[in-house]
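Just so it is clear, none of the values below were taken in a lab; they were calculated from the coordinates. Note that the coordinates shown come from a computational prediction; the quantities given were computed from them, not determined experimentally. Counting neighbours? That spans all protein chains shown, and the Cβs are built from the backbone with ideal geometry, glycine included.
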Amino acid sequence: MIRILSFLLLVFLSWNCKSKQESLIEEIQELLEEQNYEKASGMLKDYLVKPKSDGEILSSEKPETPRIVELSYDRKRLVYLEDSKLNWRDTSDGSNGSKSLDEVPASLAVSLNANFALAEYPMTNGCRLFAISLKNNDLLYESGAQISCRNRGGISDDGSKIYYFVDNQLYEEKTVEPRTPKLIVSKEKITPPFTGLKARFFLYPIGKDFLLFSGNAGSYYLYYFQPEKKSVEKIDQEVISPLIYYGTGDSAYYLGGSIGRLHLRRLQLGKGKPSSSKLFTISRKEINPWKLPGKNEFVSNYSGKVHLWGPSRKSQVLPLLCERIWLVDQNKVLCENEKGGLYLTNLDFPEEDWRILKLYEEARDK
């Protein structure tokens, strides 16, 4: 009996959700017949901006400072900073938590599994560093270093060491007293493409090691940094952006080529130095590529729209309006909409959503 009632409740909820969509479509069609395109476009946009029935709202309010979002290497743990509130969520077991910080960090980097974070706090002439434990209060360590706020440091997966740049050189510091920063990589080993420009440096964890970007102005070198060996090896010298997009399995993606000639490149991760391979040319709509599992397909966002694309398929706009996206876990999209809301949603859309998207495009173009 309980199973029957549960089934009937599920059918009712599905019908109710569908009826709302159909009611919206009918109302929009009447507005289009009346040539009231502006109102129709606004109502449709309002629907596409909001989370769907299966969506999970993480935050409904827009923070005063730009929200910072970081993912673990396997994309299962997400960390998001809203002003001085640091939040985390594990999609594998549903656990979550938050903690309040004394100040608003200027930037944030997380460890491999996103159990620890390295926060940069702005000062008059640079930034100071704090190592923070996300799951508990085991670690809150302030480094004595004053660094440039332009760079991105790193933290080991156990939180025992932090890495940061001073005067184009890489330092390591244990997160225990007394403070003992050590120079481990000199600037000669991590030179940027243009030595005459002020370089920026970025670290991203891969296993016990890191990927290291060095450069500026749309031109970077990519290095493989091994803390235990205190060594670096160059991987690629034609990098456009110092951003890494973790894929599924042992892979990650980044943008290579040159300005006006963008290539998607894949890093094969494993033991030892990662190998880089050039995949295919991409457009501006595809410059933040999040890989879908099991398919040679990606999702990206551009100009408020979310695109599904791949080398063997035409780019398709999805019925979802987001200013920024991240692909979490296997195929959940973390969407930040223009109102500042943040929510998780799946990539399965009912037929009514596709009809609403088509009506929106028609009304908007009138």
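Using θ = phi - 60° in the Karplus curve 6.51 cos²θ - 1.76 cosθ + 1.60, the 3J(HN,Hα) couplings for the stretch 223-233 round to 10, 10, 10, 10, x, 5, 8, 6, 10, 9, 9 Hz; x is entered for Gly and Pro. Look at the alpha carbon pairs under 8 Å that are at least 6 residues apart: their mean separation over the length of the chain gives a relative contact order of 13 percent.
Just rank VAL110, VAL104, VAL333, fewest to most, by other beta-carbon atoms within 10 angstrom.
Numbers: VAL110 25, VAL104 16, VAL333 21.
With the sparsest Cβ surroundings first, the list reads VAL104, VAL333, VAL110.
Helix 37-49 and the long axis of the chain differ in direction by around 50°, with both axes built from C-alpha atoms.
Which of the three applies to the stretch 305-366, rounded, prolate or oblate, going by the alpha-carbon gyration tensor with a ≥ b ≥ c and a/c under 1.5 meaning rounded? Note, shape of the stretch 305-366 comes out oblate.
Amide H contacts under 5 Å for CYS322: LYS305, VAL306, restricted to partners 5 or more places along the chain or on a different chain, H placed in the peptide plane at 1.01 Å from N. When the stretch 42-185 is described by a simple charge dipole with +1 on each Lys and Arg Cβ and -1 on each Asp and Glu Cβ, the residue from GLY55, VAL104, LEU140 located farthest towards its positive end is GLY55. Placing unit charges on the Cβ atoms of the charged side chains and taking the dipole of the chain about its Cα centre, the candidate lying farthest along the positive direction among PRO122, LEU334, PHE202 is PHE202. Taking the longest Cα principal axis of the chain as reference, the axis of helix 2-33 is set at about 80 degrees. Classify the stretch 126-249: rounded, prolate or oblate, from the alpha-carbon gyration tensor (a ≥ b ≥ c, eigenvalue square roots; a/c under 1.5 rounded; otherwise prolate if a/b is larger than b/c)? The shape class here is prolate. The Cα center of the stretch 32-99 and the Cα center of the stretch 116-165 differ in position by 27 Å. For PHE280, the residues whose amide H sits under 5 Å from its own are LEU264, ignoring neighbours fewer than 5 places away on the same chain, with H placed 1.01 Å from N. Taking Rg and Dmax of the Cα atoms in Å as calculated from this structure, the corresponding entry among (i) 19.5, 62; (ii) 22.8, 76; (iii) 21.9, 72 is (ii).
First measure r as the distance between the Cβ atoms of GLN35 and SER277, then evaluate 1/(1 + (r/R0)^6) with R0 = 51 Å and state the FRET efficiency to the nearest 0.05. List each step's numbers first, then the result.
Numbers: r = 52 Å, r/R0 = 1.03.
Computed FRET efficiency for GLN35 and SER277 comes out at 0.45.
For the stretch 123-166, the share of alpha carbon pairs falling in successive 10 Å distance bins from zero is 27, 53, 20, 1 percent. For the stretch 328-344, 3J(HN,Hα) computed residue by residue from phi via the Karplus equation (6.51, -1.76, 1.60; θ = phi - 60°) reads 10, 6, 7, 8, 9, 9, 8, 10, 10, 8, 5, 8, x, x, 10, 8, 9 Hz, glycine and proline entered as x. Rounded to the nearest 10 degrees, the inclination of helix 351-364 to the longest alpha-carbon principal axis of the chain is 90 degrees.
Ignoring lysines fewer than eight residues from LYS76 along the same chain, the ones with Cα atoms less than 19 angstrom from its Cα are LYS135, LYS208, LYS291, LYS295, LYS332. Classify the stretch 56-142 from the C-alpha gyration tensor, please: rounded if a/c falls under 1.5, else prolate or oblate depending on whether a/b exceeds b/c. The shape class here is oblate.
Modelled spin labels at ASP158 and SER303, positioned 7 Å past Cα toward Cβ, are 5.1 nm from each other. Phi angles of the stretch 244-261 translate, via the Karplus equation with coefficients 6.51, -1.76, 1.60 and θ = phi - 60°, into HN-Hα couplings of 10, 10, 5, x, 9, x, 9, 8, 8, 10, 7, 9, x, x, 8, 4, x, 9 Hz per residue; Gly and Pro are given as x.
Taking amide H positions as modeled 1.01 Å from N, with prolines and chain starts lacking one, the residues under 5 Å from ASP236 and 5 or more places away or on another chain are LEU222.
Could you compute the net charge surrounding LEU327? Neighbours are other residues with a C-beta less than 9 Å from the C-beta of LEU327; K and R count +1, D and E count -1.
Values: positive: ARG75, LYS291, LYS332; negative: ASP329.
Residues close to LEU327 contribute a combined charge of +2.
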